[in-house]
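The values are calculated or read from the model by the stated rules, or taken from the named source; none is laboratory data. This one's a predicted model, so the numbers in the text were calculated from it and none came from an experiment. We place every Cβ from the backbone using ideal geometry, glycine too, and count neighbours over all the protein chains shown. Remember, those area values only see protein heavy atoms, side chains included, never the ligands or the DNA or RNA. Shrake-Rupley method; radii C 1.70, N 1.55, O 1.52, S 1.80 Å.
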There are 2 protein chains.
Amino acid sequence: MPLTEVQPVKTRTFSEEVAERLREAIRNGSLGAGSRLVEQEVAEQLGVSRVPVREAIQMLVEEGMVRKAPHRGAYVYLPTAYEIEEISSLRVVLECFVVERVIQNWNRAHEERLRSIVAAMRAGMQGGDPQRIYEQDYAFHYALWEIAHHSLLLEVVSGLRSRLSRFLYEANSALSQEGASRHVDSHDEFIDVLKSGDVATAQQEIAIHILSAKTRILTHCQLAPVQSPAPPPTGPVAAESVR
Amino acid sequence: MPLTEVQPVKTRTFSEEVAERLREAIRNGSLGAGSRLVEQEVAEQLGVSRVPVREAIQMLVEEGMVRKAPHRGAYVYLPTAYEIEEISSLRVVLECFVVERVIQNWNRAHEERLRSIVAAMRAGMQGGDPQRIYEQDYAFHYALWEIAHHSLLLEVVSGLRSRLSRFLYEANSALSQEGASRHVDSHDEFIDVLKSGDVATAQQEIAIHILSAKTRILTHCQLAPVQSPAPPPTGPVAAESVR
DNA sequence: CAATCGTATACAGTATACAAACAACCGACC
DNA sequence: GGTCGGTTGTTTGTATACTGTATACGATTG
């Protein structure tokens, strides 16, 4: 018996689960910038022991959302405007590389996949569902990364984007109706460019896409005022309500 | 009191210490590809408990030296030739970006710093010290990354290079006398190009540098034979002598 | 004899307990 | 009054014990 349609049981560890909760809490703002992540507190709130919490925090450190120093603990990190610039400039370089490879690998199936994502995005827009737009925007990029067929590139560039996720969500929510509409349309136009095989134009397009996202973040989101060389926030900022 | 030149006392945790030992063991081959890293065993051999070992292994996973699957443990990973290609192609893209920024920021002090590194490299070559050549080669790149003044770029590109470190050391050791000499000279010539401000040429040079390193690795080092979708090596490959 | 299931064993995942380190506070001494 | 030094509390770092899962091997049945 082949037993198709049967998915393997997802075996997520507590660590991953905790990391997901913390990511969510940071993204939606209930864990604001500077909040200290005290292992004991988080563990009690989520009903697990400190070990999974430690590992979860470590994951967030890798992802750039949290910083920590030995014996001094972890806290939610707020990037500076300069760091947003850094991330975006790297994204431009890497996404241009992605585009180059996508065009090399281009085929009909890829086009359909991308078109359907844009369709879902448009549906979300018409339904007034910013969350869905955000998700489909991510799906679009993720599809491009996969089409590029370069697993390491995917890892790096998706990691970069995840560093912006909490701001992108916020900034895109503030998009006007016409703005969102133009945003969605630009994706369809971008597919046309990919299809035409014009690498230079496609790279220019995606660079504009990334830089406009950066601009939206810089104008709509609160960021750290200056370069912050001081590691920990001195004040005991309460880390309330993780779930 | 400004107290420049004073570095904070580095308070290394056991985790970092263990990670360093494991890295070294992998680099010098005493932990060969496919060796399983059993937490209990490593902990006993190094005289610490399992917790620091877990964290150390996690670090190596981030660095790409080790893979792990839930409930199945960790093992030393041997990249495929394709993955070496992936790493190198990304390095080309990123180092070209580095070069662009280095030229933008170029000044006299930077030139002197790079020249002195090449001088040390040449000394190591004449002294027949391949270890030193390797170190100075790293120092050269690290200096470039710093001059680019882009901390995230530094993080990403240095991480990429660390994935190659164990192979670069091996491949560069096999360099002939004249080969090493040409290698060193090429660094001085590269500084000249940077000084001239010719971005395109500098990018071409560094691309050649990276791709020749790749070729050396592919020809001199043993790599995984095929794409390895099978995560763990089934056989209980003994993990002998970590220290 | 083959295929499948049960059972044992090994090891990662998790919980709890203890020790060490940092930071803040407070008192003493210049 | 300010600085130095001890003292205490909080929090991380580490050790140990326990639980759950995966794999292998042997038992059982057709």
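Quick look at the numbers
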{"quantity": "Of all residues making up region A:46-55, the number that are surrounded by fewer than 16 Cβ atoms within 10 Å (Cβ to Cβ) and at the interface with chain B (Cβ under 10 Å from one of its Cβ atoms)", "calculated": "1"}
{"quantity": "Identity of the residue in region B:72-89, more than 15 Å from DNA strand C (Cβ to nearest atom) and of a type in the set (Gly, Ala, Ser), that ends up farthest from B:Leu160 (Cα to Cα)", "calculated": "B:Ala81"}
{"quantity": "Yes/no for A:Leu37 being in contact with a Leu (Cβ under 8 Å, 6 or more places away or on another chain) and under 20 Å from A:Leu168 (Cβ atoms)", "calculated": "no"}
{"quantity": "Those residues of region B:140-158 which are part of a helix (DSSP H, G or I), of a type outside the set (S, T, N, Q) and open to solvent by 30 Å² or more (accessible area, probe 1.4 Å), in sequence order", "calculated": "B:Tyr142, B:Glu146, B:Leu154, B:Glu155"}
{"quantity": "Qualifying positions in region B:82-115 - under 13 Å from B:Val184 (Cβ atoms) and surrounded by fewer than 21 Cβ atoms within 10 Å (Cβ to Cβ)", "calculated": "B:Arg115"}
{"quantity": "Residue satisfying condition, being charged (D, E, K, R), in contact with a strand residue (DSSP E or B) (Cβ under 7 Å, 6 or more places away or on another chain) and within 23 Å of A:Glu16 (Cβ to Cβ), within set B:Arg54, B:Arg72, B:Arg67", "calculated": "B:Arg67"}
{"quantity": "Matching entry among B:Glu55, B:Glu85 (being more than 11 Å from DNA strand D (Cβ to nearest atom) and of a type in the set (Asp, Glu))", "calculated": "B:Glu85"}
{"quantity": "Options A:Arg132, A:Arg163, A:Arg182; residue that is without any contact (Cβ under 8 Å) to a residue 24 or more places away in the chain, in a helix (DSSP H, G or I) and in contact with a helix residue (DSSP H, G or I) (Cβ under 6 Å, 6 or more places away or on another chain)", "calculated": "A:Arg132"}
{"quantity": "Given (1) farther than 15 Å from A:Val93 by Cβ; (2) open to solvent by 20 Å² or more (accessible area, probe 1.4 Å), number of the condition A:Ile208 does not satisfy", "calculated": "(1)"}
{"quantity": "Matching entry among B:Val118, B:Val157 (being touching a Leu at 6+ places or on another chain (Cβ under 6 Å) and touching a residue at least 60 places away in the same chain (Cβ under 8 Å))", "calculated": "B:Val157"}
{"quantity": "Selection status of A:Met121, touching a Phe, Trp or Tyr at 6+ places or on another chain (Cβ under 8 Å) and surrounded by 19 or more Cβ atoms within 10 Å (Cβ to Cβ)", "calculated": "yes"}
{"quantity": "Residue count for region B:30-45, restricted to those that are within 11 Å of DNA strand C (Cβ to nearest atom), among the aliphatic types (A, V, I, L, M) and open to solvent by 30 Å² or more (accessible area, probe 1.4 Å)", "calculated": "1"}
{"quantity": "Test: residue in region B:21-31 that is modelled with pLDDT of 90 or more and hydroxyl-bearing (Ser, Thr, Tyr)", "calculated": "no"}
{"quantity": "Which listed residue, of A:Ala43, A:Ala81, is away from chain B (no Cβ under 13 Å) and free of Cβ contacts under 8 Å to residues at least 40 places away in the same chain", "calculated": "A:Ala43"}
{"quantity": "Residue satisfying all of: in region A:56-66; over 17 Å from A:Leu168 (Cα atoms) and crowded, with 19+ Cβ neighbours inside 10 Å; farthest from the other protein chains (Cβ to nearest Cβ) among these", "calculated": "A:Val66"}
{"quantity": "Test: residue in region A:117-132 that is within 14 Å of another protein chain (Cβ to nearest Cβ) and modelled with pLDDT of 95 or more", "calculated": "no"}
